[in-house]
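Here is the structure we will look at.
The values are calculated or read from the model by the stated rules, or taken from the named source; none is laboratory data. What you see is a predicted model, and the numbers here were worked out from it, not measured in a lab. All Cβ positions, even for glycine, are placed from backbone atoms using ideal geometry, and neighbour counts span all protein chains on display. Keep in mind that these areas ignore ligands, DNA and RNA; they rest on the heavy atoms of the full protein, side chains included. Shrake-Rupley method; radii C 1.70, N 1.55, O 1.52, S 1.80 Å.
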Amino acid sequence: MPELPEVQALAERMTEACADRSLARVEVLSVQVLKTFDPPPQALHDRTVAGVGRHGKFLDLTTDGGPHLVLHLARAGWVHRRASFPAKPPGRRGPLALRLVLDDGSGFDVTEQGTTKRLAAYVVADPAQVPGIARLGPDALAVTEEQLAALAAGTRQRLKTFLTDQTVLAGVGNAYSDEIAHRARLSPYATAALLKPAQLAGLHAALRAVLGEALEHARAVPADGLKAEKKAGLAVHGREGERCPVCGDTVRSVNFADSSLQYCPTCQTGGRTLADRRLSRLLK
């Protein structure tokens, strides 16, 4: 799933591509992707694109004097830059969900791979009208150490859940939460409210460092290569069975019904192996 660094890099590239351009039309190829009906997509037509911003993991294409087009790419969605489009209209089958055509004939294809369709598009007067944006906590890359401490004190969540709960902290998903916990040398099952001041300071430093480094990396990679290059920069996530780059221990995994997390026992849990959630209760 695209997380804060990838979404921010996409927003910046889209803003650059849309400079001095207007949105000629929006073609909705997958009806289920559109979550709003008023205003209609046609309200975006012939509007100058003021820029593309980000709210957590949401993209926000803003038009001058008109509505916003907000996109959530979910797990398998992506935005592809197109210099031009074929004359033949696109079919209704396949991964293409939306086509955004600019006034010079260039634009973007918004796609979603796989059979589970969760990509969402909203045409709204104000991004706050999108339920997911209205519930967002502070942005993960902008949160201060004091804010992070206050957020942690107000919850009994495990660290993994605390980092990925978008109502608490916006922008971090499954991959970077593993990386942040590893960088901070904290167990993914540590209770956020029980973290000591030094641990919270380390967590905040890890949050800023992991996301900041990932963003700089994403800015240097072509958009269509972001997903593949994302894994190349990860220390533990998706690397079960490999050696931890910090201590050399074997990276372990805990598997859930539809997701998993990876961690290093030596760096994060005092050498203890966490039990597989599918087989037994978690070890504290």
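Once you compute Rg and the Kirkwood Rh from C-alpha atoms, what is the Rg to Rh ratio for segment 81-122? If you can, show how the numbers build up before the last one.
Values: Rg = 11.3 Å, Rh = 11.4 Å.
Taking Rg over the Kirkwood Rh, I get 0.99.
Per 0.36 nm of contour for each residue apart, how much would the distance between A43 and F256 grow if the chain were fully extended, relative to their Cα-Cα spacing?
Using 0.36 nm per residue and subtracting the Cα-Cα distance, I get 72.4 nm.
Using the Karplus equation 6.51 cos²θ - 1.76 cosθ + 1.60 (θ = phi - 60°), what ³J(HN,Hα) coupling, rounded to whole Hz, does each residue of segment 93-99 give in order, writing x for Gly and Pro?
Result, rounded to whole Hz: 9, x, x, 5, 10, 9, 10.
For segment 127-247, compute Rg over Rh where Rg is the Cα radius of gyration and Rh is the Kirkwood radius from the inverse mean 1/r over Cα pairs.
Rg divided by Rh gives 0.98.
In the chain, what cysteines have no partner Cβ closer than 4.7 Å?
C18, C247 - these cysteines have no disulfide-compatible partner (Cβ-Cβ under 4.7 Å) in the chain.
Note the angle between two axes, namely the Cα long axis of helix 197-219 and the longest principal axis of the Cα atoms of the chain, as a number of degrees from 0 to 90, rounded to the nearest 10.
Result, in degrees: 40.
Residue by residue through segment 77-87, what is 3J(HN,Hα) from phi via Karplus (6.51 cos²θ - 1.76 cosθ + 1.60, θ = phi - 60°)? Round to whole Hz and write x for glycine and proline.
Here the 3J(HN,Hα) series is x, 7, 10, 10, 6, 10, 6, 7, 10, x, 5 Hz.
Amide H neighbours of L195 under 5 Å, at least 5 residues apart or on other chains, H built in the peptide plane: list them.
Answer set, sorted by chain and number: none.
Test of the criteria: in segment 144-247, which trypsin sites (Lys or Arg not before Pro) are in a DSSP loop and have at most 11 other Cβ atoms within 10 angstrom of their Cβ?
In loop regions of segment 144-247 (DSSP not H, G, I, E or B), the sparsely surrounded trypsin sites (Lys or Arg not before Pro) are R156.
List the residues whose amide H sits under 5 Å from the amide H of K57, counting only those 5 or more places along or on another chain, with H placed 1.01 Å from N in the peptide plane.
Here the answer is G171, since their amide H atoms fall under 5 Å of that of K57.
How high is the relative contact order of segment 167-213, given as a whole-number percent (alpha carbon pairs under 8 Å, six or more residues apart)?
Rounded, it is 46 percent for segment 167-213.
Helix 174-183 versus the longest principal axis of the chain: what angle, 0 to 90°, nearest 10, using Cα atoms?
That helix lies at roughly 40 degrees to the long axis.
List the trypsin sites (Lys or Arg not before Pro) within segment 47-118 that DSSP assigns to loop and that have no more than 10 neighbouring Cβ atoms inside 10 Å.
R92, R93
Calculate how large, on average over all directions, the projected area of the Cα convex hull of segment 1-151 is; give the answer in nm² to one decimal.
Mean shadow area of the hull around the Cα atoms is 9.3 nm².
Rg and Dmax of segment 110-191, Cα atoms, in Å?
Spelled out, the Cα radius of gyration and Dmax of segment 110-191 are 15.0, 43 Å.
Taking Rh as the Kirkwood radius computed over C-alpha pairs, what is the Stokes-Einstein D of the chain at 10 °C in a medium of viscosity 1.306 mPa s, expressed in µm² per second?
Here the translational diffusion coefficient equals 79 µm²/s.
Using a 1.4 angstrom probe and counting only protein chains, how large is the accessible area of H68 in Å², to 10?
Counting only protein heavy atoms, the figure is 30 Å².
What trypsin sites (Lys or Arg not before Pro) in segment 1-39 are in a loop by DSSP, with at most 14 other Cβ atoms within 10 Å of the Cβ? Walk me through the intermediate numbers first.
On the way: sites: R13, R21, R25, K35; in loops: R21, K35.
Passing both the DSSP loop test and the Cβ count: R21.
Which far-off residues, 5 or more places away or on another chain, put their amide H under 5 Å from the one on L102, with H placed in the peptide plane?
Those lying under 5 Å, H to H, from L102 are A24, G107, F108.
So what's the gap between the Cα centers of segment 18-73 and segment 94-139, to the nearest angstrom?
Taking the Cα centre of each part, segment 18-73 and segment 94-139 sit 8 Å apart.
Apply the Karplus parameterisation 6.51 cos²θ - 1.76 cosθ + 1.60, with θ equal to phi minus 60°, to every residue of segment 139-149 and state each ³J(HN,Hα) to the nearest whole Hz, in sequence, with x for glycine and proline.
For segment 139-149, the Karplus-derived couplings read 5, 5, 7, 10, 5, 7, 4, 5, 4, 4, 5 Hz, x marking Gly and Pro.
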